[in-house]
Amino acid sequence: TIGLELAAGAAQFDAVLIALGGGAMATGVGHVLKTHTPAAEVICVQPAGAPAMTLSWRARRVVTTDSADTIADGVAGRYPIPAVLDDLLVVADDAVLVQEASIVAGLRLLLEHAGLVVEPSAALGVAAVLEDRERFAGRHVVVIICGSNVDLDAYRRWIS
């Protein structure tokens, strides 16, 4: 439904940044966008401390990891599902990894500028923009911000 809402929206956009964990949201949104707005770039974003699906997308085969070390626990998978990877390979134009410090900076920006308290995985798209400002400069970029399942004590530590 996120993809359908974006495709039906009045605003045109050049790229959409989607948090990547197991791949369900990214493949669902990606399939809709590639059908309705094929010129839009679909960019998946994953924490560098939990890179299994991004590494799999890059290798075009399942790559598992021994551990996941990230505050973005909502996307901290280690064992990609082959069928989901196959779908992701069809719809994703890129998959990038972001650092923990950028995720925290994204959390702060979302709180300070949008009044949003979100879980770390929801800040991945903002983190990607912060890490590669030149790539996104002058472009109309959508960042999907989805998820508010956050431990408030941990959140306070991250943003303080």
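No lab work stands behind these numbers, since they all come straight from the coordinates. Remember, predicted model here, so these are calculated numbers, not experimental data. For neighbour counting, all protein chains shown are included, and Cβ atoms are generated from backbone atoms with ideal geometry for every residue, glycine included.
If you bin every alpha carbon distance in the range 1-58 into 5 Å steps from zero, what whole percent lands in each bin?
Going out from 0 Å in 5 Å bins, the range 1-58 shows 4, 20, 30, 21, 13, 8, 3, 0 percent.
Can you give the local net charge around I71? Use residues other than it whose beta-carbon is closer than 14 angstrom to its beta-carbon, Lys and Arg +1, Asp and Glu -1.
Values: positive: R108, R156, R157; negative: D69, D73, E100, E119, D151, D153.
With Lys, Arg at +1 and Asp, Glu at -1, the neighbours total -3.
When only Cα pairs under 8 Å and 6 or more residues apart are kept, what is the percent relative contact order across the range 1-149?
On the way: 299 pairs, mean separation 40.3, N = 149.
In percent, rounded to a whole number, it is 27.
Counting alpha carbon pairs within less than 8 Å and at least 6 residues apart, what relative contact order, in whole percent, applies to the range 105-153? Show your work: numbers first, answer last.
Details: 42 pairs, mean separation 20.5, N = 49.
Relative contact order here is 42 percent.
Among 15-26, 108-119, 66-77, what's the highest-first ranking by average C-beta atoms within 10 angstrom per residue? Mind dumping the intermediate values first?
Numbers: 15-26: 24.0, 108-119: 14.3, 66-77: 18.2.
Final packing ranking: 15-26, 66-77, 108-119.
Once you have the Kirkwood Rh of the chain from its Cα pairs, apply Stokes-Einstein at 4 °C and 1.567 mPa s and quote D in µm²/s. Intermediate values should be presented prior to the final figure.
Details: Rh = 15.7 Å.
Estimated diffusion coefficient is 83 µm²/s.
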